[in-house]
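The values are calculated or read from the model by the stated rules, or taken from the named source; none is laboratory data. The structure displayed is predicted, hence computed values, not measured ones. No Cβ is skipped: glycine too gets one built from the backbone with ideal geometry, and neighbour counts run over all protein chains shown. Calculation scope for accessible area: heavy atoms of the full protein, side chains included, ligands and nucleic acids excluded. Shrake-Rupley method; radii C 1.70, N 1.55, O 1.52, S 1.80 Å.
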Amino acid sequence: MVPEPEFESYYGRQIIKTPTWKTPDVPLYLFLGGMAGASAVLAEGAALTGNVVLERVTRLVAASGAGVGTVFLVHDLGRPERFLHMLRVIKPTSPLSVGSFILAPFSALSSAAAASCLTGRLPRLGRLAGLGAAAFGPPLATYTGALLANTAVPAWHEAHRELPFLFAGSGASAAGGMALLLTPVQHSGPARRMAIAGAAIELTASELLKRRLGMVAEPYERGRPGRLMRLASRMTLGATVVSTLSGRSRAVSAICGATLVASSVVTRFGVFEAGLASARDPKYTVVPQRERMAARART
Amino acid sequence: MGSLWGRLDDVTGDAGYVDHEPRMGFFTDTSVCIGCKACEVACKEWNQVPDDGFELTGMSYDNTQALGASTWRHVAFVEKPFETVAAQPPQEPPHPTTTDLGLPGMGPPGWDTHESGLPSGEDQATASGDGGIRWLMSSDVCKHCTHAACLDVCPTGSLFRTEFGTVVVQPDICNGCGYCVPACPYGVIDLREDDGRAFKCTLCYDRLKDGQTPACAQACPTESIQFGEVGELRERARLRVAELHDKGVDVARLYGADPDDGVGGDGAFFLLLDEPEVYGLPPDPVVTTRDLGSMWKHVGAAASALAAVGVASFLGRRR
C-alpha cells in the first residue's frame, strides 16, 4: 500500500471547481454519442455488403442516439434556449465547439439516412447521407475524450491520451452490442466483430490509463466511480468471452449485446464521476503539481 | 488564433487588437492585507453581484469560502499554528519568517510585544499559553491569465480578451454550457445556479473603459490590492519582495508574476507569505490547452482506429 502523500491545503477545500455538467445528462450523452457514431460506421458497412437487416437497425440506432443525445446536451445547458450559440463561432481550442460542428451534421445526416432507409424514399440521397454520417461517426465517438481531457480536472486531463481510445472502444462495443440485441444472428456477424474489437480496445485503454497515471488514476479505482469502472470491465469481459464462444443462439447473442450496451453506459458514468471525485479532492491538484515542481528543480 | 502556451509579451496584440491599451492588472500584496473584506463588498456593490449565501463555515473568519459566480473577490483567512515559543532555542528568533510590516499591532496602545513574550513585530501572529497562530490574509481574484483556459474552451465566444488584456464573460452570449468551470486551473469561474450562466471578475471592464480604478483596488485601505499596468506592477512587486527579503521575511514570494510559468503569467498576481496551496491556490498551474495538440492527435488516432474496426468487421466470413 502506497502511503497517503502529505500536502497542504486551505482547510482541505478543493482548488479547482467541480464540473457543473449534470448527471445523468452528460454521461448519457457520452454514451449515446459513442454508440451513434460507431453505429453509423456499421450501417455504411452493412449497406455496402447488402446486409439490409443490419443496415436498418444500425441506421435507426445512429439517428436516435444522436437525436436523444442532443436533447441531453441541450438540457444540460444553463440556458437551453441559447443552444444555437454553440454554432456562432468555430474554435479548435474548444472540443465542445468542434464537437458541436460534428454533432450537428451527424444528426442531420444520420436522420436523413435512417428516414430514407425506413421509408425507401430517395435511396440515393439516403445512401449519400449515410456515407456522410459514417464519416462524422468516428469523430463523434472520440472527440468526447478531448472534451473531458481539455479541463484542469486531473483524472481527465492527464488521461488525454487514453480517453479517446477508451471512448472509441466503448462506443464500438455499444454499437455492436445494440445491433446484436436487435438483429437476428445470421445478420449480426459484423456487429459481433465490432463489439469484440471495441471491447478489447476499451479494456486495453482503461488498463493503460490506470498504469500511466499513477496516483492521479485513484478516482478510477476507489469509491463509487471505482466500483462502476470494475463493474463495467467485468460486464464487458464476460459478454465478450461468452459472445466469442457461443454459437448461433439468438438469446445468448441478445443477452451479450445488452450487457455490452449496459457496460458502455456504466463506463461513461464511471469516467464522469471519477473526474468529479478528482476535482473535489485538493490532493489530486496539489501533489502532482508539487512533484512536477520538484522534478523541474532537479534538472 | 492566438498562441496556446508559453511566454507571450503582447497578449492583447496576440488576440487581434492592433492599436490597444496597455495590459492592466492587479498586484495583490498579501503582506499588508488586514482581512477587512472591503474589496469583497466594493466588488459586490459596483458589479451588483447577488448574494452568495449566508453560511457560517466554522473553519475560520472566512465565511465567503471561495471564489465563484457570485464571489469575484475572496479574502482567505489562514490560521496556521506556529512552533511554540518554549521549543525554540532562546537566542534564536522564535519565528524567523515574519517581521515588522509597519501595520497596526494586535494589542492596546503602548503594548510591547517584547514584554508579552511574543516575537518582536509578530503582527500577523497571536499567541496564548505555549502556542500561537499565524494569520495570513489574502484577497483572491480571477487571475486574468495570459493563456486563459476558460477563454480557450468557451464554445460560444462569450469569453473574450478585452483591449486591456483582461478576460471577460459576455452575459448576452453565454449559454451556460459550463465548459469554462472545470477548465480554470484556479477554480475561479462558476455557473450561477438560479441564472444558469457563468460569471467571474471582469476587472471592472466598465470602470476601465472610463479610466477608473477597479472597485476592489479603490476600496482597499492598505493598498494590498494595487491596480495598474501589468509590466509596471511586476516591477513594483519585485521591489516589494526584495524589500521584504531585506527585512528578513524570507517567506515572501511572488505568485503568478512569472511570464514563463504554466499560464504565461497572470494579469492578476500576488505576493504570498507561504506556499500557494496554503491559500487554496494551485502551486504550479498549467493551462489545459498546452496539451491540445496531443489531445487532437489522440482523438484522430482513435477515430481512425474506430473506422478501421468498422472496415475489419465486414471483412472475412459472411454470415
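Here are a few things to note about the model shown:
- When residues of region A:149-174 are limited to those that are in a helix (DSSP H, G or I) and more than 9 Å from chain B (Cβ to nearest Cβ), the one farthest from residue A:134 (Cα to Cα): A:154
- Test: residue in region B:229-246 that is modelled with pLDDT of 95 or more, outside any helix (DSSP H, G or I) and more than 10 Å from chain A (Cβ to nearest Cβ): yes
- Count of region B:224-250 residues which are open to solvent by 30 Å² or more (accessible area, probe 1.4 Å), out of contact with any Phe, Trp or Tyr (no Cβ under 9 Å at 6 or more places or on another chain) and in contact (Cβ under 8 Å) with a residue 40 or more places away in the chain: 4
- Within region B:286-316, the set of residues being more than 14 Å from residue A:94 (Cα to Cα), in a helix (DSSP H, G or I) and of a type in the set (A, V, I, L, M) comprises B:301, B:302, B:303, B:305, B:306, B:307, B:308, B:309, B:311, B:312.
- Residue that is farthest from residue B:135 (Cα to Cα) [pool: residues in region B:30-52 that are in a loop (DSSP other than H, G, I, E, B) and open to solvent by less than 30 Å² (accessible area, probe 1.4 Å)]: B:49
- When A:238, A:198, A:226 are checked against the criterion of being out of contact with any Phe, Trp or Tyr (no Cβ under 9 Å at 6 or more places or on another chain) and either of a type in the set (Asp, Glu) or more than 13 Å from every other protein chain (Cβ to nearest Cβ) (or both), A:238 stands alone in meeting it.
- Odd one out for residue A:244, checked against (1) open to solvent by 40 Å² or more (accessible area, probe 1.4 Å); (2) within 11 Å of another protein chain (Cβ to nearest Cβ); (3) free of Cβ contacts under 8 Å to residues at least 60 places away in the same chain: (2)
- Counted residues, region A:54-103 - those being open to solvent by less than 40 Å² (accessible area, probe 1.4 Å), within 18 Å of residue A:25 (Cβ to Cβ) and among the hydrophobic types (A, V, I, L, M, F, W, C): 6
- In region B:1-29, the residue that is nearest to residue B:165 (Cα to Cα) out of those that are of a type in the set (Phe, Trp, Tyr) and open to solvent by 50 Å² or more (accessible area, probe 1.4 Å) is B:17.
- When residue A:259 is tested against the conditions (1) surrounded by 17 or more Cβ atoms within 10 Å (Cβ to Cβ); (2) free of Cβ contacts under 8 Å to residues at least 60 places away in the same chain, the lone failure is (2).
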